[in-house]
């Protein structure tokens, strides 16, 4: 049987990084093949090369036994490849049908034949059980549906080899299971699936065979039925890993943050947060779980002062900060690690020291009557760099030269060094490698042990379960339930995340 | 008082004022849809006006004037496209610099080629003929207003529905809007953002060049330094106010042209020229305030959020 | 990527290449080369024209005039850079200068008293007027969410009309054919210094202002906070910087500098406010180009301001002696910025170009102002 896909010695170099180092991999026709590796192991680069988005420096790729060198995504599509990117590549203001038929539009006398495109999209959707309304505008759809649209795009083009890049990152456990059903159905219809992930449970549940990448190299080729999560993890990290860790708990103290009946409006005037009440006490980590887009980001923005509250109140250490300026909130004891570390948490054009100084710049240690004590500023930067082991050049070099993990360490170091009683940590480890995740988790736990209060939002249920003292689940702008992490599983949390506990049994 | 102000002659001058603004704004709108921030219309229009005058003078032919005007607009649009699309330069900086370059270059070439400063008029400059449509142009009021235009006037009006059809009903329009909204998504389906953005910028070069041609050979038959006089910027605002939708952009252009035409008329009625000259810009500012909810994108673009 | 160079090049060639690989130097060379072509195509001798331009800028009274014209150019560049650096795209320098200039010159013309009082008073009133005019677009952005980029620009045309109207109908000097105010009395004129053949005292003031800006940018919380807001507005807000208040603040400073420079142009240079004169000179826009070339870095603003001033003064000499319009200077200035903004560099033409990676496309945004 010929291989559907074969990588032979594929190598890609970026300035200073060897992203892919002679990668070999064989994907058989009609199988689900998992590609696993940590963030930064070279998975995404490899897929970009396969799909013609990046040229390889060396090596080659065979598709159905034929050497393939795609100059653009179009060549890859024509060769029967379809890719579902991790960050969706959809046009928000266009309809589902327009998104799917884009560039392959059915036409009538030169104009786009809309009813025909709707009909065709509906056909493909029905054939694979992908429930999507082709006439909906994409920006109004929930994340789980967006993914179906992405898959539809590939199937509409009759892709025989489907590449899914971290497809479950934004899904609830229930949505994930539904996706797996679709993937199995696609395999049974003769298609080949390349499934990229860093979650071992998914590899075991879904794949037929596995290729492990580490530091840009293909280090293991395994048959799923003959291996174990521990073995895969060992190949991924090159060491033994304890996969099941939960933070030892700690007894909470006084309430630091008290939010009551908070309401807020999101983008496009949509009601984003509805009568949300919560409390965070010193010495505890409160984890907020929820599907992206259910009001978590807006809730945090309101608490942090970056979005106006429409109703309700926020108290920090007993002080009403509902309508306070950001600077007033910070000086009454709030530190904040934001979700978007590139766009909000740092400025890529500013230097390392300037990034480490932000939110400290008016502190009495660093300035007097508006004039900086530059010596103190530099000392502060250097001490944080060494305490958090931030790998960087001189403190004057731009922060854009730092890796993702080191960039997040800049943010975490800066915020924790405030010594504020409340730390808001939003997606604190998204996209980081295991070492950086462990480091940041240990800092959060230490902060809690030192009597700090932490409000954490995370899309990683494993992170929520591992760190939280209490779990709050948000659905459609409301906090729908409080759970005890020692009493629940990921699936239990997932039930509340989809609103499935409410009157209509399956959303 | 109103009888004296509102008559067919006023409407004629409104339509005359509207043609260049509308042409430039339609080009800016295509760029906006393709995701290119385009504020170089002022310069492209001015260069188009100069080149159209020069072409018409050299060949004693308004046809060649149109060709020259379009060429000048396209040349500047190519510089803009290269800088913003190929080199990913700042569109605001490039737009401002290209506007100033056009101002300097036309001010330089006027004395070097024609030996005059300020304003150049000459009998060799062949203006665009008005082409009254037999029958229709004799309809009272609207006949002389709508059906007695230069070829560029008719073109401007026809382009409004034509561009609407192109943008919202053809595959090319769908792809252009896709490129403007999410270039990466378009690229991953095999549509080249670079090609579409170049296309959009060049189209705006053509249209702004035509706008300048209309100024120098249609509305007047002469070239004066800086004769675009802020109309390119008014076109920028028209695109914003019209949310890059052809019919709304048409409406916004009409509003500004009305202010200009009215100013011209009030001047005749004895109001100081200093006041009437400011009228289109005051109306523009007031329209901005009235429709202020619409500029979130531009504000994000210029303030980083 | 790093190909070995088989042929050893001479030291001079390598050094020329090193200099040319600097984007600003390359852009200057690019602009002058294109200017050469333009002059040649219009039937003149570019070599002769450039020589006249060079001589005219630094010999004879040229040096004094270059220094004199550098005052408004550097000043307006500083005004622009204060705003641009903080991410506020103020294109209203012209209006701020014209409004301040008229207010300041009216004070100088109609206030009796010794120069020691009248001159500072005129500057203060001019600065305040410029600042007030700049507050219109500033509050438009912070209160009404109207982009300063557009409103400040449109207000230039309004400022032209307002000053023109005031001069024509309220402060007209009937004794001359110009649409102009009366002359500024001798006592209220900006003194000249006995160096370089008599440069205005304003030159010292403007250099002082550049130095102050440099120190403030590097050493103060305000300098840091404005810079951070300019780099990334969301980051600044997140860090507790009150970006809206700061926007009004930098607009006030920019407008005040513009108003003072406008006042200087009347009481230190033209001695009467002639309708349209400050607009036609294009000084505010030249200043803007200088700020862009200098990337808002104060020492470079001085250097680039002197360079562009020399271009204009030399351009006038070129116009007299070589029959090539001084407007070539404007073309060259704009071309330099087009080249810099397009990131033209020597290596662009040597290295084989590759398409942008998807990562580069993703990070490509605006925000370089």
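Read-outs throughout are calculated quantities, based only on the coordinates presented, and are distinct from any laboratory measurement. These numbers were taken from a predicted model, which means no experiment stands behind them. Every residue, glycine among them, receives a Cβ derived from its backbone with ideal geometry; neighbour counts consider all protein chains shown.
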Highest mean packing first, using Cβ neighbours within 10 angstrom, the peptides C:164-177, B:164-177 sort as B:164-177, C:164-177
Here the tail fraction of P(r) beyond 20 Å, over all Cα-Cα pairs of the stretch C:216-273, rounds in percent to 41
Nearest 10, in degrees from 0 to 90: the angle of helix B:193-213 to the longest Cα principal axis of chain B is 10
Rg from C-alpha atoms of chain C, normalised by the globular rule of thumb 2.2 N^0.38 Å, equals 1.07
Given a Förster distance of 25 Å, the FRET efficiency implied by the Cβ-Cβ spacing of residue B:116 and residue C:321, rounded to the nearest 0.05, works out to 0.80
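Hey, what's the Kirkwood Rh for the stretch A:250-346 if you take every pair of different alpha carbons, in angstrom? Intermediate results must be reported in sequence, preceding the final value.
Numbers: mean 1/r = 0.0716 Å⁻¹.
Hydrodynamic radius (Kirkwood, Cα pairs) of the stretch A:250-346 is 14.0 Å.
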Taking the alpha-carbon centre of each part, the distance from the stretch A:73-95 to the stretch A:309-381 in Å is 40
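What number does the protein assembly as shown give for Rg over Rh if you use C-alpha atoms and the Kirkwood radius? Before the final figure, lay out each step's value.
Values: Rg = 32.6 Å, Rh = 32.9 Å.
Dividing the radius of gyration by the Kirkwood radius yields 0.99.
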Simple spin-label estimate for residue A:400/residue A:115, 7 Å along Cα→Cβ, in nm, reads 5.2
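Take the Cα atoms of the stretch B:133-226, build their convex hull, and give its volume per residue in Å³.
Numbers: hull volume 12.7 nm³, N = 94.
That works out to 135 Å³ per residue.
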Among the stretch C:11-53, those whose backbone N falls under 19 Å of a label point 7 Å along Cα→Cβ from residue C:303 are C:15-32
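Suppose R0 equals 30 Å; then what is the FRET efficiency for residue A:435 and residue B:172 from their Cβ-Cβ distance, rounded to the nearest 0.05? Write down the numbers at each step before the final one.
Numbers: r = 49 Å, r/R0 = 1.63.
Once rounded, the FRET efficiency stands at 0.05.
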Expressed in angstrom and rounded, the centroid-to-centroid distance over alpha carbons for the stretch B:160-188 and the stretch C:88-106 is 42
For chain C, the longest principal axis of the Cα atoms and the Cα long axis of helix C:148-169 enclose an angle in degrees, to the nearest 10, of 30
What helix-only [θ] at 222 nm does chain B give? Using -39500 (n - 2.57) per DSSP H run of at least 4, over all residues, to the nearest 500, the answer is -22500 deg cm²/dmol
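Can you give the mean number of other chain Cβ atoms that lie within 10 Å of the Cβ atoms in peptide C:132-143? It would help to have the intermediate numbers written out before the result.
On the way: counts 0, 0, 0, 0, 1, 1, 0, 0, 4, 4, 0, 1.
Averaged over the peptide's residues, the number is 1.
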Mean per-residue count of partner chain Cβ within 10 Å for B:269-277 equals 4
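Over the stretch A:111-244, consider all pairs of different Cα atoms and compute the Kirkwood hydrodynamic radius from their mean reciprocal separation; express it in Å, one decimal. List each step's numbers first, then the result.
On the way: mean 1/r = 0.0599 Å⁻¹.
Computed over Cα pairs of the stretch A:111-244, the Kirkwood hydrodynamic radius comes out at 16.7 Å.
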Nearest-0.05 FRET efficiency for residue C:55 and residue C:21 at R0 = 41 Å, using Cβ-Cβ distance, is 0.85
Mean projected area (nm²) from the convex hull of Cα positions in chain A is 25.9
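Checking the a/c ratio against 1.5 first, then a/b against b/c, what shape does the Cα gyration tensor give for the stretch C:124-171? Show your work: numbers first, answer last.
Working: a/c = 3.36, a/b = 1.71, b/c = 1.97.
In terms of gyration-tensor shape, oblate.
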What helix-only [θ] at 222 nm does chain C give? Using -39500 (n - 2.57) per DSSP H run of at least 4, over all residues, to the nearest 500, the answer is -23500 deg cm²/dmol
Treating every alpha carbon of chain B as one equal point scatterer without solvent, the Debye formula yields log10 I(q)/I(0) values at q = 0.11, 0.13, 0.14 Å⁻¹ of -0.66, -0.92, -1.06
Once both label points are put 7 Å beyond Cα along the C-beta direction, the residue A:228-residue C:37 separation in nm becomes 7.2
Row for the stretch B:52-124, column shape: gyration tensor on C-alpha, a ≥ b ≥ c, rounded if a/c < 1.5 i.e. under 1.5, prolate if a/b over b/c, else oblate; value oblate
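What area, in nm² and to one decimal, does the C-alpha convex hull of the stretch B:64-185 cast on average over all directions? Write out the running numbers ahead of the final one.
Working: hull surface 47.6 nm².
Seen from a random direction, the Cα hull of the stretch B:64-185 projects 11.9 nm² on average.
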Extension length gain for residue B:129 and residue B:165 (0.36 nm per residue less Cα distance), in nm, is 10.1 nm
Per residue of C:322-328, other chain Cβ atoms within 10 Å number on average 5
Taking max minus min of the Cα coordinates of the stretch B:17-63 on each principal axis, largest first, gives extents in Å of 39, 18, 15
Classified through the alpha carbon gyration tensor (a ≥ b ≥ c as square roots of its eigenvalues; rounded if a/c is under 1.5, else prolate when a/b is larger than b/c, else oblate), the stretch C:72-274 comes out oblate
With Cα coordinates, the longest principal axis of chain C makes an angle with the long axis of helix C:23-41, in degrees rounded to 10, of 80
Using alpha carbon centers only, the stretch C:272-292 is separated from the stretch C:171-245 by a whole-angstrom value of 14
